[in-house]
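Comments concern the structure below.
The values are calculated or read from the model by the stated rules, or taken from the named source; none is laboratory data. For clarity, every value in this text was computed on a predicted model and none was experimentally measured. Reconstructed Cβ throughout: ideal geometry from the backbone, glycine too, with neighbour counts over all protein chains shown.
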Amino acid sequence: MLKKLFILGCNTNQVKYIKLINRNEWKIIGVDLNENAPGKIFCDKFYNVGYDNLSALIEIGKKEKFNKIDHVFTAASQFAHKGAAHFAEYFGIQYPSEKTIDLCLNKSLYYKFFQEKNIPIPKTLYIKNEKELRLKLADLKTGEFYLKSDFSKNPNYVYKFNSSNIPWDDFFWGKDRYLREYYILQEEIRGTSLRINIYGNSFNVFNFLTGEKTNLHNSLINSFKIIQTLKDFMSMLGIHKWLVKFDIILHEDGYVVLDIGLDPPSRMIKLAEENKINFHKYYTDQYLIDKISYPKFLN
């Protein structure tokens, strides 16, 4: 009897992953809010449900008789991992905990966690409303600042501004998917902006601004033991088997961590496509059978 695979997200970006899944090993149950999602035809069963509709996901799991030998997969937005983790916990399927996913999605949580574990971050203030922001900025020295909502996904509610020219009318203060409780206020850190992807014992580094893969900073990265620190963080949260991306600012005296990403890494995908490497195959191998074998060129 085939094991069941619950796939959250069946739109265009996910099709390449779904098509690679071995139909002799898995019965694929897919969900997507788009009733005509292009990945629908590659599923054995499809449900027109959004991956953030947690109760509906559980009902589907009950109907399809999911249990602990089955699996969950998503290559959609990192918000899809919330639904996947919720589903997996309910049915006893191996997956990072929902608490872990909540932490990785919420900047106000993971910055506090970084501080607890002595992982460097910029000076960080948590802002609940415009009045608090005005008071905090009045107390700070002049300079460049970033204001990011707790669940922001660039460019949603990520503002950069100078203390002499604050765009008060641009700031959003309602509540929605990207702003739940806090804005995070940070002074700009001078240095080199890098994206680091970590997978198994390997990693790669991209210049964040140009998107180009680079090894220019590896000696400095090694001297500060950045990769080991981030790998230890991944192990603490149980995401050490995943491909996780981190945004950092690196300078001669140290570094700070700015962000975590759980969705498939766009820069790595682009590099693979430029070199006619099927990234999607290696990614599904990593997440479905714990096989990490990306070509050395990507390292």
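Residue check: is residue 284 hydroxyl-bearing (Ser, Thr, Tyr) and under 30 Å from residue 19 (Cβ atoms)?
Yes; evaluated as a whole, the condition is true for this residue.
Which is assigned to a strand (DSSP E or B) and not hydrophobic (A, V, I, L, M, F, W, C), of 68, 160, 153? So that I can check it myself, show each step before the final result.
Details: 68 fails: assigned to a strand (DSSP E or B); 153 fails: assigned to a strand (DSSP E or B).
Sole residue among the options that is assigned to a strand (DSSP E or B) and not hydrophobic (A, V, I, L, M, F, W, C): 160.
Identify the residue in the range 227-258 that is of a type outside the set (Val, Ile, Thr) and in a loop (DSSP other than H, G, I, E, B) and, among all such residues, is nearest to residue 217 (Cα to Cα).
252
Name the residues in the range 137-150 that are part of a loop (DSSP other than H, G, I, E, B) and within 24 Å of the chain's Cα centre (by Cα), would you?
Selection gives 150 alone.
Quick check on my filter: what residues within the range 22-42 are surrounded by fewer than 17 Cβ atoms within 10 Å (Cβ to Cβ) and either under 18 Å from residue 4 (Cα atoms) or not assigned by TED's automatic domain parsing to the domain that holds residue 72 (or both)?
Matches in the range 22-42: 22, 23, 24, 25, 27, 41.
Taking residue 198, is it surrounded by 16 or more Cβ atoms within 10 Å (Cβ to Cβ), in contact with a helix residue (DSSP H, G or I) (Cβ under 8 Å, 6 or more places away or on another chain), under 27 Å from residue 73 (Cβ atoms) and modelled with pLDDT of 95 or more?
On the way: surrounded by 16 or more Cβ atoms within 10 Å (Cβ to Cβ): yes; in contact with a helix residue (DSSP H, G or I) (Cβ under 8 Å, 6 or more places away or on another chain): yes; under 27 Å from residue 73 (Cβ atoms): yes; modelled with pLDDT of 95 or more: yes.
It is true that residue 198 is surrounded by 16 or more Cβ atoms within 10 Å (Cβ to Cβ), in contact with a helix residue (DSSP H, G or I) (Cβ under 8 Å, 6 or more places away or on another chain), under 27 Å from residue 73 (Cβ atoms) and modelled with pLDDT of 95 or more.
So that you can scan it fast, the table gives a plain yes or no per residue for (1) touching a strand residue (DSSP E or B) at 6+ places or on another chain (Cβ under 6 Å); (2) more than 28 Å from residue 229 (Cβ to Cβ):
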| residue | (1), (2) |
| --- | --- |
| 146 | yes, no |
| 155 | no, yes |
| 172 | no, yes |
| 175 | no, yes |
| 179 | yes, yes |
| 184 | yes, no |
| 190 | no, no |
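Give the residue, chosen from 45, 128, that is among the basic types (Lys, Arg), over 25 Å from residue 10 (Cα atoms) and either touching a residue at least 12 places away in the same chain (Cβ under 8 Å) or buried (at least 19 other Cβ atoms within 10 Å of the Cβ) (or both). Walk me through it before giving the result.
Details: 45 fails: over 25 Å from residue 10 (Cα atoms).
Residue meeting the stated conditions: 128.
Give the number of residues within the range 113-125 that are part of a helix (DSSP H, G or I) and surrounded by 15 or more Cβ atoms within 10 Å (Cβ to Cβ).
Residues of the range 113-125 that are part of a helix (DSSP H, G or I), as a first pass: 113-116.
With the extra rule that they be surrounded by 15 or more Cβ atoms within 10 Å (Cβ to Cβ), the set shrinks to 113-114.
So the answer is 2.
Just wondering, is there one or more residues in the range 63-75 that are surrounded by 20 or more Cβ atoms within 10 Å (Cβ to Cβ), of a type in the set (Gly, Ala, Ser) and touching a residue at least 60 places away in the same chain (Cβ under 8 Å)?
The answer is yes; a qualifying residue exists.
Can you name the residue in the range 233-251 that is over 17 Å from residue 105 (Cβ atoms) and without any contact (Cβ under 8 Å) to a residue 40 or more places away in the chain and is also surrounded by the fewest Cβ atoms within 10 Å (Cβ to Cβ) among such residues?
The initial filter retains those residues of the range 233-251 that are over 17 Å from residue 105 (Cβ atoms), namely 235, 240-241, 248-251.
Of the ones still in play, those that are also without any contact (Cβ under 8 Å) to a residue 40 or more places away in the chain are 235, 240.
Working: 235: 11, 240: 16.
If we take residues in the range 233-251 being over 17 Å from residue 105 (Cβ atoms) and without any contact (Cβ under 8 Å) to a residue 40 or more places away in the chain, then 235 is surrounded by the fewest Cβ atoms within 10 Å (Cβ to Cβ).
Give the range 6-25 a look and list any residue that's farther than 18 Å from residue 77 by Cα and either in contact (Cβ under 8 Å) with a residue 60 or more places away in the chain or basic (Lys, Arg) (or both), or say none.
Those that are farther than 18 Å from residue 77 by Cα and either in contact (Cβ under 8 Å) with a residue 60 or more places away in the chain or basic (Lys, Arg) (or both): 19, 20, 21, 23.
Hey, can you tell me all the residues within the range 284-298 that are assigned to a loop (DSSP other than H, G, I, E, B) and surrounded by fewer than 21 Cβ atoms within 10 Å (Cβ to Cβ)?
Across the range 284-298, the qualifying residues are 290, 291, 292, 293, 295.
Can you pull out the residues in the range 55-76 that are within 26 Å of residue 265 (Cα to Cα) and polar (S, T, N, Q)?
Result: 74, single match.
What's the number of the only condition in (1) under 15 Å from the mean Cα position of the chain (by Cα); (2) not in a loop (DSSP other than H, G, I, E, B) that residue 281 fails to meet?
(1)
For the range 180-202, does any single residue satisfy the condition of being hydroxyl-bearing (Ser, Thr, Tyr), part of a loop (DSSP other than H, G, I, E, B) and under 18 Å from the mean Cα position of the chain (by Cα)?
Here is the first cut: in the range 180-202, the residues hydroxyl-bearing (Ser, Thr, Tyr) are 182-183, 192-193, 199, 202.
Those left that are additionally part of a loop (DSSP other than H, G, I, E, B): 182.
Filter again for under 18 Å from the mean Cα position of the chain (by Cα), leaving none.
No, the range 180-202 contains no residue that is hydroxyl-bearing (Ser, Thr, Tyr), part of a loop (DSSP other than H, G, I, E, B) and under 18 Å from the mean Cα position of the chain (by Cα).
Being out of contact with any helix residue (DSSP H, G or I) (no Cβ under 6 Å at 6 or more places or on another chain) and under 16 Å from residue 195 (Cα atoms) is the requirement here; does residue 271 meet it?
Criteria met by residue 271.
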